[in-house]
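Enquirer: Please read through the structure below; I'll follow up with questions.
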Amino acid sequence: MELFRFDPPVLTDAQAAAILAERYGIHGSAQKLRGERSHNTLFTTPDHGRVVLKIASPSEPATTIDFHAATLVHLERHAPDLPIARMIPSLDHELVPVLEIDGLQHSMRLVTYLPGITFGDDQHISAHGLSTIGSLIGALSAALTDFDHPAAAEFMPWDIANGLILDDELWAGLGDDARAVVSPSRARLEAAHGTMAELPRQIVHNDGHAGNLLRSGPGSDLATGVIDFGDLVRTVTVADVGISGASFVPHQVDPIAALVALTAGFHSRQPLSEAEITAIPELVLCRLVLSTLLVEHQIATAPHIADAVARERPGLLAGTDRWLQLDPHRVAERIREAL
């Protein structure tokens, strides 16, 4: 699908280092990071600590990259205590300089690096830890309530409300095992898609999964930071609960209690309506199914991340299957009782 931009530029570490030195006056040792739509390089420098250079695909609209940068600027000004990356301007005082590679224009950004390690995909997390995750995502959501940008309504593949969960072409690309897991959910997905049309909307982070939430070290399960603002979009506000829930909840010992703790943390910072609370279990399902559809698509069409994505596939299918065994009405009732 042409709407899917999983096509970051290909650069060597030496090329990325030369760009960093020329445009930002910073030198350091390079380490390539994973990226769906941008070439990301972590630099360790003698004077600036660690920074991340993000060079976007030429197919990524400049307005989208400006949206990402403007969001970080807004958060720095209006929620300075949030543990997120900060923008670093170029030598020419630009937050989003443009780079030409082989005649094509690439928007780029430089951001500070947050200390910590990410959560494990199948890590057991305490109720308190899940609450801190929800609280952090909720605080971020609350800080974005009054923020807007012209690019916020652009198509974002990872938006659970964009209709891709019902896309026949993506469903046709599923492997037999994946189809067997998700096919029973089709009617529930159709109902959830209709429900989302009626829920409150705003710009949300849209990517609070285990790989984008930080903790201080291996011995902690308390959230200390959130990274990667590349999936920002205007969508249903409570989508952020569904996204984090899909990542953290299905493999916990008690998935329902886990979602309750996560939601309570979010609700403490960004209060949820009755309709939003009722929708949460099915939004978790929407994210799990959307992830299944896009993982299959990426394995087939995005060679730069196919191997890494394929390693995540078994856990994703197992989590989706487990979530489908739960009664969404009972899950919503447990959340309602707790709140």
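Enquirer: Only one residue in T278, T320, T224, T263 is assigned by TED's automatic domain parsing to the domain that holds G134, β-branched (V, I, T) and touching a strand residue (DSSP E or B) at 6+ places or on another chain (Cβ under 6 Å). Which one? Lay out the reasoning, then the answer.
Expert: Working: T278 fails: touching a strand residue (DSSP E or B) at 6+ places or on another chain (Cβ under 6 Å); T320 fails: touching a strand residue (DSSP E or B) at 6+ places or on another chain (Cβ under 6 Å); T263 fails: touching a strand residue (DSSP E or B) at 6+ places or on another chain (Cβ under 6 Å).
Matching residue, one of T278, T320, T224, T263: T224.
Enquirer: Starting from segment 154-170, keep only residues that are more than 15 Å from E36 (Cα to Cα), then list their pairs with residues that are assigned to a loop (DSSP other than H, G, I, E, B) whose Cβ atoms are within a distance under 6 Å, requiring at least 6 positions of separation or different chains.
Expert: As it stands, the answer is F155/L3, since those pairs meet every condition given.
Enquirer: Looking only at residues in segment 195-220 that are among the hydroxyl-bearing types (S, T, Y) and closer than 23 Å to Q252 by Cα, which one is surrounded by the fewest Cβ atoms within 10 Å (Cβ to Cβ)?
Expert: First pass over segment 195-220, keeping only residues among the hydroxyl-bearing types (S, T, Y): 195, 216, 220.
Still in the list and also closer than 23 Å to Q252 by Cα: 216, 220.
Details: S216: 14, S220: 16.
It comes out as S216.
Enquirer: Same structure again: What are the residues in segment 23-71 that are assigned to a helix (DSSP H, G or I) and among the basic types (K, R), if any? Let's see the steps before the verdict.
Expert: Applying the first criterion (assigned to a helix (DSSP H, G or I)) to segment 23-71 yields 23-24, 62-71.
Residue satisfying the conditions is R23 alone.
Enquirer: So which residues in segment 287-309 are hydroxyl-bearing (S, T, Y) and either surrounded by 21 or more Cβ atoms within 10 Å (Cβ to Cβ) or within 18 Å of the chain's Cα centre (by Cα) (or both)?
Expert: Once the filter is applied, which keeps residues that are hydroxyl-bearing (S, T, Y) and either surrounded by 21 or more Cβ atoms within 10 Å (Cβ to Cβ) or within 18 Å of the chain's Cα centre (by Cα) (or both), segment 287-309 yields S291, T292.
Enquirer: Within segment 112-166, which residues are within 18 Å of A79 (Cα to Cα) and small (G, A, S)?
Expert: G134, S135, G138, A139, S141, A142, A143
Enquirer: Now for a separate question. Take the conditions at pLDDT below 95 and more than 22 Å from H251 (Cα to Cα) and apply them to F147. Does it pass?
Expert: Numbers: at pLDDT below 95: no; more than 22 Å from H251 (Cα to Cα): yes.
In short, no.
Enquirer: Moving on to the next point. What single numbered condition from (1) surrounded by 15 or more Cβ atoms within 10 Å (Cβ to Cβ); (2) modelled with pLDDT of 95 or more fails to hold for R77?
Expert: (1)
Enquirer: Please report, ordered by residue number, the helices (runs of 4 or more DSSP H) entirely within segment 229-339 with at least 2 residues that are modelled with pLDDT of 95 or more and closer than 30 Å to I65 by Cβ.
Expert: In segment 229-339, 239-248, 255-269, 274-301, 306-324 are the helices (runs of 4 or more DSSP H) which contain 2 or more residues that are modelled with pLDDT of 95 or more and closer than 30 Å to I65 by Cβ.
Enquirer: Starting from segment 216-239, keep only residues that are free of Cβ contacts under 8 Å to residues at least 40 places away in the same chain, then list their pairs with residues that are in a loop (DSSP other than H, G, I, E, B) whose Cβ atoms are within a distance under 6 Å, requiring at least 6 positions of separation or different chains.
Expert: Within 6 Å, the pairs are D228/D207.
Enquirer: Name, by its number, the condition in (1) part of a helix (DSSP H, G or I); (2) touching a Leu at 6+ places or on another chain (Cβ under 8 Å) that does not hold for R77.
Expert: Failing condition for R77: (2).
Okay, residues lined up against (1) crowded, with 22+ Cβ neighbours inside 10 Å; (2) small (G, A, S); (3) over 23 Å from L166 (Cα atoms):
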| site | (1), (2), (3) |
| --- | --- |
| I256 | no, no, yes |
| L262 | yes, no, yes |
| H267 | no, no, yes |
| S273 | no, yes, yes |
| L285 | yes, no, no |
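Enquirer: Please tell me if L42 is buried (at least 20 other Cβ atoms within 10 Å of the Cβ), out of contact with any Cys (no Cβ under 7 Å at 6 or more places or on another chain) and on the phi < 0 side of the Ramachandran plot.
Expert: No.
Enquirer: Give the residue that is surrounded by the most Cβ atoms within 10 Å (Cβ to Cβ), with candidates limited to residues of segment 160-194 that are within 15 Å of A279 (Cβ to Cβ) and touching a strand residue (DSSP E or B) at 6+ places or on another chain (Cβ under 9 Å).
Expert: Looking at the filtered set, the residue picked out is I160.
Enquirer: Out of everything in segment 81-137 that is β-branched (V, I, T) and in a helix (DSSP H, G or I), what residue ends up being surrounded by the fewest Cβ atoms within 10 Å (Cβ to Cβ)? Let's see the steps before the verdict.
Expert: To start, the set of residues in segment 81-137 that are β-branched (V, I, T) comprises 84, 88, 96, 98, 101, 111-112, 117-118, 125, 132-133, 137.
Subset that is in a helix (DSSP H, G or I): 132-133, 137.
Working: T132: 21, I133: 27, I137: 26.
Per the stated criteria, the residue is T132.
The values are calculated or read from the model by the stated rules, or taken from the named source; none is laboratory data. Computed from a predicted model, the values in this text were never measured in an experiment. Every residue, glycine among them, receives a Cβ derived from its backbone with ideal geometry; neighbour counts consider all protein chains shown.
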